[in-house]
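S.K.: Pasting in a structure now, in structure tokens, and then I'll have a few things to ask.
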Amino acid sequence: MITYLKRFKPTKRIILILVIAALLYVVVSVGFYIFQEKVIFQPKELSPDYSFQFSQPFKEFFIETQDGVKLNAVFFTPPSASKGLILYFHGNAGNLQRWGNYSIDFTQLGYEVLMIDYRGYGKSNGIPNEAAFYYDSKTVLQWCKQNIKFSRLIIYGRSLGSAVATNLATTTTPDMLILETPFDEIKGVIYPPIRPMLGLFPQRNFFSNKDNIPKIHCRKVIFHGTDDWIVPLSSALKLKPLLSEGDKFYVIKDAGHKNLRDFRDYHTALAEVLK
């Protein structure tokens, strides 16, 4: 018995659906490329007279850059003698009113903490951009050396701030670099299907931890959650082969991108590396 297979002929409706899907793919990819700064930088501005509210004492400062931008900073101190200074670079969204609440994780371990809002965030003026973030981090570190007495320096970067932290650590040698939910490079955070399309355009934002880490000569510690859907664990794991002997890569089971500090394992590991 001979069976003849009919040649598949797509209907007009199927062709139309495929064409629409292809056009949608192109539009989304091009749109992401054009508006990528809107996606990467999500600042929340604050009025100049806004009063911060935190559960522990703090001081507020404005750090002026050479090009006239004023960066807002808050400084937290521990209840006892300080073990050192943590220079903290936060994620891509919000402002210091949100991120300042995280400082207690470090002050309760005996560390001073200085946090800044990037250009265009909170009370800081200016326009966010990658090169300016790197430039400003160096300005802030120099300000710390002139205005804060510390015997130990730890640079801490969270999410987008991880790239700012690693870039700064290539030009200075802190006692430790800690990265929370970092990516290998900003492309590692982009939804995978549109990455090939974006490869056709000149890249404007790099934020590359994978390029910076091999140039860093201090102890490095990474924290990441298994359920992070914003920065996939697979992106962070690309950094693991770049670590040196004595560095640590902590994977926090069930933790996501925004709730790492809700897990005891994170605090246990943080206390271990900061002891």
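S.K.: For residues that are farther than 14 Å from SER208 by Cβ and among the aliphatic types (A, V, I, L, M), scanning just segment 156-178, find the one that is farthest from the chain's Cα centre (by Cα).
M.R.: Among them, the one singled out is MET176.
S.K.: From GLN53, GLN108, GLN97, GLN36, grab the single residue that is surrounded by 15 or more Cβ atoms within 10 Å (Cβ to Cβ), of a type outside the set (Lys, Arg) and without any contact (Cβ under 8 Å) to a residue 60 or more places away in the chain.
M.R.: Details: GLN53 fails: surrounded by 15 or more Cβ atoms within 10 Å (Cβ to Cβ); GLN108 fails: surrounded by 15 or more Cβ atoms within 10 Å (Cβ to Cβ); GLN36 fails: without any contact (Cβ under 8 Å) to a residue 60 or more places away in the chain.
Answer to the check: GLN97.
S.K.: Can you tell me which residues in segment 71-94 are surrounded by fewer than 23 Cβ atoms within 10 Å (Cβ to Cβ) and more than 15 Å from ASN147 (Cβ to Cβ)?
M.R.: Selection gives PRO78, PRO79, SER80, ALA81, LYS83, GLY84, GLY91, ASN92, ALA93, GLY94.
Condition check ((1) in contact (Cβ under 8 Å) with a residue 24 or more places away in the chain; (2) over 18 Å from SER235 (Cβ atoms)) across all residues:
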| residue | (1), (2) |
| --- | --- |
| TRP143 | yes, yes |
| GLN146 | no, yes |
| LYS149 | no, yes |
| TYR156 | yes, yes |
| LEU160 | yes, no |
| VAL164 | yes, no |
| ALA169 | yes, yes |
| THR173 | yes, yes |
| LEU179 | yes, no |
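S.K.: For segment 32-46, which residues satisfy the criterion of being modelled with pLDDT of 85 or more and either in a helix (DSSP H, G or I) or of a type outside the set (A, V, I, L, M) (or both)?
M.R.: If the condition is that a residue be modelled with pLDDT of 85 or more and either in a helix (DSSP H, G or I) or of a type outside the set (A, V, I, L, M) (or both), then GLN36, GLU37, LYS38, VAL39, ILE40, PHE41, GLN42, PRO43, LYS44, GLU45 are the ones that fit.
S.K.: Could you please let me know if SER29 is out of contact with any Asp or Glu (no Cβ under 6 Å at 6 or more places or on another chain), under 30 Å from LYS145 (Cβ atoms) and at pLDDT below 95?
M.R.: Here the answer is no, as SER29 does not meet what is asked.
S.K.: So LEU153 ticks every box in (1) out of contact with any Asp or Glu (no Cβ under 6 Å at 6 or more places or on another chain); (2) closer than 16 Å to LEU274 by Cα; (3) modelled with pLDDT of 95 or more but one. Which box is left unticked?
M.R.: Of everything listed in (1) out of contact with any Asp or Glu (no Cβ under 6 Å at 6 or more places or on another chain); (2) closer than 16 Å to LEU274 by Cα; (3) modelled with pLDDT of 95 or more, LEU153 misses just condition (1).
S.K.: Looking at the structure I just gave you, is GLY91 in contact (Cβ under 8 Å) with a residue 60 or more places away in the chain and on the phi > 0 side of the Ramachandran plot?
M.R.: No: the conditions fail for GLY91.
S.K.: Here is a further query. Among the residues of segment 240-253, which ones are closer than 25 Å to ARG152 by Cα and in contact (Cβ under 8 Å) with a residue 24 or more places away in the chain?
M.R.: LEU242, LEU243, SER244, GLY246, ASP247, LYS248, PHE249, TYR250
S.K.: May I ask you to verify whether PRO202 is surrounded by fewer than 22 Cβ atoms within 10 Å (Cβ to Cβ) and out of contact with any His (no Cβ under 6 Å at 6 or more places or on another chain)?
M.R.: yes
S.K.: I'm told THR181 meets every condition in (1) on the phi < 0 side of the Ramachandran plot; (2) modelled with pLDDT of 80 or more except one. Can you identify the failing condition by its number?
M.R.: Among (1) on the phi < 0 side of the Ramachandran plot; (2) modelled with pLDDT of 80 or more, the lone unmet condition for THR181 is (1).
S.K.: Let me ask another. Going through segment 78-118 one residue at a time, which ones are under 18 Å from the mean Cα position of the chain (by Cα) and of a type in the set (Gly, Ala, Ser)?
M.R.: Passing the criteria: GLY91, ALA93, GLY94, GLY100, SER103.
S.K.: Out of curiosity, is GLY122 touching a residue at least 12 places away in the same chain (Cβ under 8 Å), on the phi > 0 side of the Ramachandran plot and surrounded by fewer than 21 Cβ atoms within 10 Å (Cβ to Cβ)? Steps first, please.
M.R.: Numbers: touching a residue at least 12 places away in the same chain (Cβ under 8 Å): yes; on the phi > 0 side of the Ramachandran plot: yes; surrounded by fewer than 21 Cβ atoms within 10 Å (Cβ to Cβ): no.
The answer is no for GLY122.
S.K.: Looking at segment 227-275 only, could you name the residues that are assigned to a loop (DSSP other than H, G, I, E, B) and closer than 30 Å to ALA81 by Cβ?
M.R.: GLY246, ASP247, PHE263, LYS275
S.K.: For segment 209-216, state whether one or more residues are assigned to a helix (DSSP H, G or I), aliphatic (A, V, I, L, M) and closer than 16 Å to MET176 by Cβ.
M.R.: Within segment 209-216, one or more residues are assigned to a helix (DSSP H, G or I), aliphatic (A, V, I, L, M) and closer than 16 Å to MET176 by Cβ.
S.K.: Could you grab the pairs with beta carbons closer than 9 Å, sequence gap of 6+ or different chains, first residue in segment 254-271 and surrounded by fewer than 14 Cβ atoms within 10 Å (Cβ to Cβ), second one in a helix (DSSP H, G or I)?
M.R.: none
The values are calculated or read from the model by the stated rules, or taken from the named source; none is laboratory data. Model, not experiment: these values are computed from the prediction. Positions of Cβ are backbone-derived with ideal geometry, glycine not excepted, and every protein chain shown enters the neighbour counts.
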